[in-house]
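A.B. asks: Supplied in structure tokens, the structure appears directly below.
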Amino acid sequence: MKPIIDIQGIWKQYQIGGQKGRYLSIRESISQMGRQLFGGKKASFWALSDISFPVNKGECVGIIGKNGAGKSTLLKILSSITPPTKGKITMRGRVASLLEVGTGFHNELTGRENIFLNGSILGMKRTEIIHQLDEIVEFSGVSQFLDTPLKHYSSGMQLRLAFSVAAHLNPEILLIDEVLAVGDAEFQRKCLGKMDEVSKSGRTIIFISHDLGAVSQLCSRGIWLNEGQMQFDGPVDDCLQNYEHWITQHGNKHIAPQQEDLSTHSILSVQLSQNSYDMDSAIDFSMKISLAERVQHLVFGLMIRDVRGKVVGSQVIHTGRTEQKGEHDYQVRIPKHSLAPDHYTLSVSIAESSPHNVLDSVVNLITFEITSIQKGNNFSWDRSFGPIVFHQADIQKI
Amino acid sequence: MSGSNTNIEYSIKPNKPTQLGLTELWRYRELFYFFTWRDIKVKYKQTILGFLWAILQPLMMMMVFVFFFSKMMKMPTNGVPPPIFYLSGLLLWNLFSSALSGSANSMVENANIIKKVYFPRLVIPLSSVLVSLFDFLMGLIIFIGMIFYYEFSVPGFDISIPSFLGYYSIGVLLTIISACGLGSLLAALNVKYRDFRYVIPFLIQLLMFISPVIYPVSMLKGYPWLEKIASFNPLTGALMAGRMPFGSTDMDWGMMGISWASAGFIFILGLIYFRRTESYFADLA
């Protein structure tokens, strides 16, 4: 049987550098043309390079990789939202893509109206929506507020409504991007359960997530992308193992993509001193930032998450310093972190204190490992003990 | 979409589309309905008068025009009673200008949807035109009411409804075709170059002056170069046709032909340019 999705040598190129804002203006376009005429080259990078793989009917494929690895670009190409620069994909079935929950939701419309709008944007027919309306409403659990404008819904209610519309799509191929990153734990469980049900009913799913737990639970096959290239394609457990191993080797630094634009404040790089630390040792890292203008009372935010994305701890550091325009280097030390042995990600942000205004942040891009140390008594830490070690706990007989 | 049809096969390639993709557009016809319905709903949500605004706006504007242009400035209306002259023109002009500004801004306004879901992009600007058509039809009700009033109470005013509907639909058609074409062209350009956000209001104001909304076409006769420019404006044809059944002496079939040719050209140009650039909208929006 022919594969339901056949991806053959997909390349995708994006232009960078010349474009200052999020869109072009004619003036920039003209100056770019001039640069090209006089031998200058437009800066560009390949978001995807030579991606090829077939997907068979009924498979559930998880795509993993760091931010900027090309996962979302691949999904956008598969959804026909953006075309590839080179290559060809053959799709043999109807596709629904869920790159976001609640696409097209409008605050002024009621819950019921939004079900119809969102459903039809996602490709459902009106008759199908009418047919499934009761089920959708019941699954969402917001039936009392069905005729209330969406702007009066809590964000949790909006999310439940959005997901229940999406859950009632009936495509042969379902493309899902990180939708589980939002919502509370119970909602995430419900979503995962529904997706599991969908994949068991013989539909083909391509699923992108940072949540490696969800990927291993849901998918049978894993594909790992790194810098636009395929690093691994195979059984999901092998894929995750390879990825985690790689992350511990290479995940300890982040360097921001080169920008010509100097009009924004940005974190240029963050680098941890090591890939892994002992439970008892301090975590050190250096960072370089670039300020576009003078900033009063620079504030740093640090946040550590576990591999499932749950926040373990944070700190806000008020430097009290007023920094001038230009590049600055800092050395940061977390002396007593109390983190238990596990894999973690570090997020860093810089902000201005009054008015409070986040200038730039690097979220979940830096990973490290805390290792257990054997203290002579064959003790080793188990994950079930939790994420925090009490360093100072003491016991005295009375 | 129902799950019965399993033999769909299509490919995703970097090629730019060569056809207008009308069959695909037809498959997504329900989306026209939903986008139009959404915009109409949202437009009149939380207003007390609701749809009445679609009637009140042109009606009040007509009164202002009658007072200033007809009473104060003694602008000729070439055989048409001034309220009819101005309302017939305003309805078509409002249809054109609101359809144009709506569709030209529609892609940018719906950028969040474009970046997350695929559907034929033309649905968006064309739905904006439909929203304006809805307002127009509301206004048309009051216009027809006014025609009946003149028919019964003003001696010498004689009009046959079929001839009114016939000529007026020619005007409406011409207006819609040109609004669709120019609207899609500007919508596509607006995605790429946000300069057009500033160009559009200015363009609409400019077009108002070179369209015979507040003056009859015959006033252009004294300025040959202006008359040439005006005949390339599809609104000239639309307004001539729209006022024809009321005894307007403006009709010039030569100018009418040029208006149609120019509307057709704008329509094809707009749709082709839109289709050729639409695949990159998600990267630029």
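The values are calculated or read from the model by the stated rules, or taken from the named source; none is laboratory data. Remember, it's a predicted structure, so these values are computed and weren't measured experimentally. Positions of Cβ are backbone-derived with ideal geometry, glycine not excepted, and every protein chain shown enters the neighbour counts. When the accessible area is computed, the model is the full protein with side chains, heavy atoms only, and any ligands, DNA or RNA have been set aside. Shrake-Rupley method; radii C 1.70, N 1.55, O 1.52, S 1.80 Å.
A.B. asks: For the range B:42-105, what number results from the quotient of the Cα radius of gyration and 2.2 N^0.38 Å?
C.D. replies: 1.32
A.B. asks: Which value in nm describes the separation of the simple spin-label points at A:Arg294 and A:Gln8, placed 7 Å from the Cα toward the beta carbon?
C.D. replies: So the label points at A:Arg294 and A:Gln8 sit 6.3 nm apart.
A.B. asks: Relative contact order (percent) for the range B:43-143, with alpha-carbon contacts under 8 angstrom and 6 or more residues of separation?
C.D. replies: 35 percent
A.B. asks: Using Cα-only point scatterers and the Debye equation, what is log10 of I(q)/I(0) for the protein assembly as shown at each q in 0.05, 0.08, 0.09, 0.11 Å⁻¹, rounded to two decimals?
C.D. replies: After summing over all Cα pairs, the log10 values are -0.33, -0.78, -0.94, -1.23.
A.B. asks: Suppose R0 equals 30 Å; then what is the FRET efficiency for B:Leu226 and B:Ser153 from their Cβ-Cβ distance, rounded to the nearest 0.05?
C.D. replies: The pair B:Leu226/B:Ser153 has a calculated efficiency of 0.20.
A.B. asks: Let me ask another. At 25 °C and a viscosity of 0.890 mPa s, what translational diffusion coefficient does Stokes-Einstein give for the range B:25-284, taking Rh as the Kirkwood radius over Cα pairs? Give it in µm²/s as a whole number.
C.D. replies: 128 µm²/s
A.B. asks: Find the centroid of the Cα atoms in the range A:237-256 and in the range A:157-172, then give the distance between the two in whole Å.
C.D. replies: After rounding, the separation between the Cα centres reads 33 Å.
A.B. asks: Checking understanding here: applying a Kyte-Doolittle mean of at least -1.0 and a length along the axis of at least 30 Å (C-alpha), which whole DSSP H helices in chain B pass?
C.D. replies: Membrane-span-like by this criterion, though nothing is claimed about a membrane: B:82-109, B:123-153, B:161-192, B:253-277.
A.B. asks: Separate question: How large is the accessible surface per residue of the protein assembly as shown, computed with a 1.4 Å probe and reported in Å² as a whole number?
C.D. replies: In whole numbers, the protein assembly as shown has 48 Å² accessible per residue.
A.B. asks: Longer than 32 Å from Cα to Cα, which of A:Lys310/B:Lys115; A:Lys190/B:Lys43; A:Lys66/B:Lys45; A:Lys2/A:Lys125; B:Lys41/B:Lys74; A:Lys71/B:Lys43 are they? Say none if no pair is.
C.D. replies: Over 32 Å Cα-Cα: A:Lys190/B:Lys43; A:Lys66/B:Lys45; B:Lys41/B:Lys74; A:Lys71/B:Lys43.
A.B. asks: How long are the three semi-axes of the equivalent ellipsoid of chain A, in whole Å, if each is the root of 5 times an eigenvalue of the C-alpha gyration tensor, listed from largest down?
C.D. replies: 37, 30, 25
A.B. asks: With a Förster radius of 56 Å, plug the Cβ-Cβ distance of A:Ser314 and B:Asn78 into 1/(1 + (r/R0)^6) and report the FRET value to the nearest 0.05.
C.D. replies: Step by step, r from the Cβ atoms, then E = 0.15.
A.B. asks: Another one. Multiply the residue separation of A:Phe390 and A:Tyr330 by 0.36 nm, subtract the distance between their alpha-carbon atoms, and state the gained length in nm to one decimal.
C.D. replies: 18.7 nm
A.B. asks: Moving on to the next point. Given an 8 Å cut-off on Cα distances and at least 6 residues of separation, report the relative contact order of chain B as a percent.
C.D. replies: Taking the mean separation of contacting Cα pairs over the length of chain B, I get 27 percent.
A.B. asks: Have a look at the DSSP beta bridges in the protein assembly as shown and tell me what percent are antiparallel, nearest 5.
C.D. replies: 75 percent
A.B. asks: Once label points are set 7 Å from the Cα along Cα→Cβ at both A:Thr322 and A:Asp306, what is their separation, rounded to one decimal in nm?
C.D. replies: A separation of 4.4 nm, rounded to one decimal place.
A.B. asks: Ignoring ligands, DNA and RNA, please state the percent of accessible area on the protein assembly as shown from carbon and sulfur, probe 1.4 Å.
C.D. replies: C and S fraction of accessible area: 57 percent.
A.B. asks: Compute the label zone of B:Leu20 within the range B:259-279: residues whose backbone N is under 15 Å from the point 7 Å along Cα-to-Cβ.
C.D. replies: Hits in the range B:259-279 for B:Leu20 at 15 Å: B:261-276.
A.B. asks: OK, next. Which residues of the range B:90-116 bury at least 10 Å² of accessible area once all protein chains are present, versus their chain alone (1.4 Å probe)?
C.D. replies: The answer is B:Asn112, B:Ile113, B:Lys115, B:Lys116.
A.B. asks: Given the Cα-Cα distance of A:Trp381 and A:Thr148 and 0.36 nm per residue of separation, how much length would full extension add, in nm?
C.D. replies: My answer for the length gained is 78.8 nm.
A.B. asks: Still on this structure, please answer the following. Rounded to the nearest 5, what % of the DSSP beta bridges within chain A are antiparallel ones?
C.D. replies: Antiparallel bridges: around 75 percent, rounded to the nearest 5.
A.B. asks: Another question about this same structure. Could you work out the per residue convex hull volume over the alpha carbons of the range B:128-220, in cubic angstrom?
C.D. replies: Convex hull volume per residue, Cα atoms: 126 Å³.
A.B. asks: So for chain A, averaging the separation of alpha carbon pairs under 8 Å that are six or more residues apart and normalising by length, what relative contact order in percent results?
C.D. replies: Once divided by the residue count of chain A, the mean separation gives 14 percent.
A.B. asks: In a GNM of chain B with a 10 Å cut-off on Cα contacts, which of B:Leu133, B:Leu239, B:Leu25 has the highest mean-square fluctuation?
C.D. replies: B:Leu25
A.B. asks: Check each of the trypsin sites (Lys or Arg not before Pro) in the range A:263-346 and keep only those in coil by DSSP with at most 14 other C-beta atoms within 10 angstrom; list them in order.
C.D. replies: Sparse-neighbourhood loop trypsin sites (Lys or Arg not before Pro): A:Arg294, A:Arg308, A:Lys310, A:Arg321, A:Lys325, A:Lys336.
A.B. asks: Taking the range A:57-249 on its own, what percent of its Cα-Cα pair distances exceed 19 Å?
C.D. replies: So the pairs more than 19 Å apart make up 61 percent of the total in the range A:57-249.
A.B. asks: Which residues among the range A:332-352 fall inside the zone where the amide N is under 13 Å from a point 7 Å beyond the Cα of A:Ala282, along Cα→Cβ?
C.D. replies: Only A:332-337 pass the distance filter.
A.B. asks: If I take the Cα coordinates of the range A:145-223 and project them onto the principal axes, what are the three extents in Å, biggest first?
C.D. replies: Largest to smallest, the principal-axis extents are 42, 24, 16 Å.
A.B. asks: Sticking with this structure for a sec: Work out the FRET efficiency for B:Gln205 and A:Gln217 from their Cβ-Cβ distance, taking R0 = 56 Å, and round it to the nearest 0.05.
C.D. replies: 0.40
A.B. asks: To make sure I understand the rule: partners must be lysines, Cα under 17 Å from the Cα of A:Lys325, and not fewer than 8 residues away in the same chain. Which ones qualify?
C.D. replies: In chain and number order, the partners are A:Lys288.
A.B. asks: Taking the DSSP beta bridges in the range A:57-249 as the whole, what percent of them are antiparallel, to the nearest 5?
C.D. replies: Counting DSSP beta bridges with both partners in the range A:57-249, the antiparallel share is about 30 percent.
A.B. asks: Let me ask something else. Any idea what log10 I(q)/I(0) is at q = 0.16, 0.20 Å⁻¹ for the range A:254-385, Debye with uniform C-alpha scatterers and no solvent?
C.D. replies: Here log10 of I(q) over I(0) equals -0.82, -1.16.
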